[in-house]
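Only the coordinates and a few stated rules stand behind these numbers; no lab work does. Bear in mind that the values here come from a model prediction, so they are computed numbers and not experimental data. Positions of Cβ are backbone-derived with ideal geometry, glycine not excepted, and every protein chain shown enters the neighbour counts.
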Amino acid sequence: MIVNQWVPAAHKGDAIGDSARKMRAMLRALGHESEIYALTIDDVLQGDVLPFSDPAAHRGDLTIFHYALPSPMTEAFARLPRGRVMQYHNVTPAHYFAPYSPTLFRLASLARAELQTLVGQVDLAMGVSEFNRAELEAMGFSPTGVLPLAIDFSRVTQKVRRPALEKILSNDDMINFLFVGRIAPNKKIEDHLKLAEHYKRYVDSYYRFIFVGKYDAVPQYYAAIRTMMAQYRLLNERFVFTGPVPDEDLAVYYRHSAVYISLSEHEGFCAPLLEAMAADVPVLAYSAAAVPETLGGAGVQFAPKDMEYAAELLGILTFDDELRAKVIAGQRRRLADFSDARLEGALSRLVAYSGGHYPS
């Protein structure tokens, strides 16, 4: 069987694109022909991901369309004669962008509207989480199911050495706290700054918050974060914004972090939570959107968003070795639910699907 995937933009290091490439490898291992087609392709992925202009893009017996943003792919997907499977990665609600970017506000609004046009035009609508699946069902999609992201954990568990970076992260008395993802309003980076102030006041003043990921996706939001740092008189060396980094550096950042922190208010899945668990970094997370589902009871979650309480939790999770060991053990158990074997089984069921309810 020919099982193709459509991704509007193929970026290395992007959760959607990385998941599509791992799914392609699994589909090929299952004996299927499988390619990925994209409208825009990073130079490093040229030849690995094929251009959407290739006529073969429309010849799949099954086509998995990864939906997150509006694109010409949406209309083309609706016109396919058979095998239309959408994997929904969620769309950040537009209101998060309203104060910072009219362009992104409009893009997010269009993405929701364009998604609605696919109701009744797909054979199966899959969310990467139950949170996403429920959203699809509420919009009128049927049948629906859940197909999680395929995550290559080896990129964060590899034992690569980066002596210069390791020296920076470990040759002082600072405790490293990590966040991975783009600097965007729904991620609530300003709450990390507030958390740091409470942590400094009530727990410990030797800390360093590290943010790994693009910080130019929403320039006005990043500028607002920098302005807030100046208003709080926060030391720049205590808040490190790295931008995108190679996988080898990412593994080092995870390995040298005491706690992974997520204060995001909207996530459709949140792959870095699982990466942190794979790297044996305890997770402290605000319990919102798909975060509780992704963690599945692992890590340490809290709500409402009380920063004083969160600072106390962060201190305990940092310095209580017995608690850290228990949390890490629980995270390892949760990771078993995202094993390659389980995902391969889900893909096998997807390929075999012929109508009715998808057995997630």
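Rounded to the nearest 20, the Cβ-based charge dipole of region 1-121 about its Cα centre (Lys and Arg +1, Asp and Glu -1) stands at 300 debye. Based on Cα contacts under 8 Å between residues 6+ apart, the chain shows a relative contact order of 15 percent.
Counted by neighbouring Cβ atoms within 10 Å, the residues 222, 88, 232 run from fewest to most as 232, 222, 88. Which shape class, rounded, prolate or oblate, goes with the chain when its Cα gyration tensor gives a ≥ b ≥ c as root eigenvalues, a/c under 1.5 marks rounded, and past that a/b bigger than b/c marks prolate? Prolate, since a/c reaches 1.5 and a/b exceeds b/c.
Once you have a ≥ b ≥ c as the square roots of the Cα gyration tensor eigenvalues for region 16-132, tell me rounded if a/c is under 1.5, and otherwise prolate or oblate according to whether a/b is larger than b/c. Note, shape of region 16-132 comes out prolate. For the peptides 318-330, 207-219, 131-143, 178-190, the ranking by packing is 178-190, 207-219, 131-143, 318-330, with the highest mean count of neighbouring Cβ atoms within 10 Å listed first. Each Lys and Arg adds +1 at its Cβ and each Asp and Glu adds -1 at its Cβ; summed about the Cα centre, the chain shows a dipole of about 100 debye. Taking other C-beta atoms within 10 Å as the exposure proxy, 262, 205 rank 205, 262 from fewest upward.
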